[in-house]
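What follows is calculated from the coordinates using simple rules that are stated; it is not laboratory data. In this text the structure is predicted, and so the values were computed from the model without any measurement. Neighbour counts run over all protein chains shown; Cβ positions are idealised from the backbone, glycine included.
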Amino acid sequence: MVSLAPITHDRPVFAIGYAWAGATVMWAFWVSFVIFLAEPRQILAWWPLPTIDRAGSPQDPALAVCIDLALVAVFGLQHSIMARPWFKRHVKSWIPEGLERATYVHMANAALFVLILLWQPIPAEVWHVEDSAARNVLWLLFGAGWVVLFLGAWSFGMRELLGLEQVRAWTEGRPHASRLIGLLYRWLRHPMYVGVLLGVWATPRMTFGHLLLALSLTAYVLIAMRYEERDLLHRFGRRYAEWRGVP
């Protein structure tokens, strides 16, 4: 396996560029994912990427379900496995510690892009809200979900979440100190997960393909929360237990 350590050891500019590239692309891909779900008519005529009900070539519904579930599984496994402490310890044997989080961001970008690019639409409608007031409420909830996600990331520490702070500490030759998160996390235990779930469920037009994505991402979130809380409890110990309200 090729190691990044020799490339980055005496080239901090490369390391910083590597981290900023991942952070920049992640913002672009999350905007693309919002458009993927919302399918705003104003931009569909020129939008180059697929959307949830306007993607790829028509497939047999059973085959489409299998492909879509596989894409969500790849997305979920990448996010979950690469976040586990045992995986991080293994990765640090060939990637400098300061680039571990930035590498996670790059892989998350790849997983999300593959999901968007290869998604197979299943356009049969589950519900379609015609009432204008109800539609507006659902779009407000959709927008609120992404605002909550952003504020959750801000509360966590945007630079740390994207791996920028870790790279900066590494290039400056100082340890990176983890901290307990605050702000929005004082009211919501998992605001970023809450934001994602609002974003995938709040829609005035729910197709079977959209429902499949919402259900599978909900299942992923419920599983991921257990592992994440276990890891945080192991990482921060009593401080995290007290913050979470566990005696």
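Points to keep in mind about this one:
- Placing a pseudo-label 7 Å from each Cα along the Cα-to-Cβ vector at ALA73 and ALA219 gives an inter-label distance of 1.0 nm.
- Candidates per chymotrypsin sites (Phe, Trp or Tyr not before Pro) in the stretch 57-132, loop by DSSP, up to 14 other Cβ within 10 Å: TRP94
- Global geometry of the stretch 90-184, whether rounded, prolate or oblate, following the gyration tensor of its Cα atoms and the 1.5 cut on a/c: oblate
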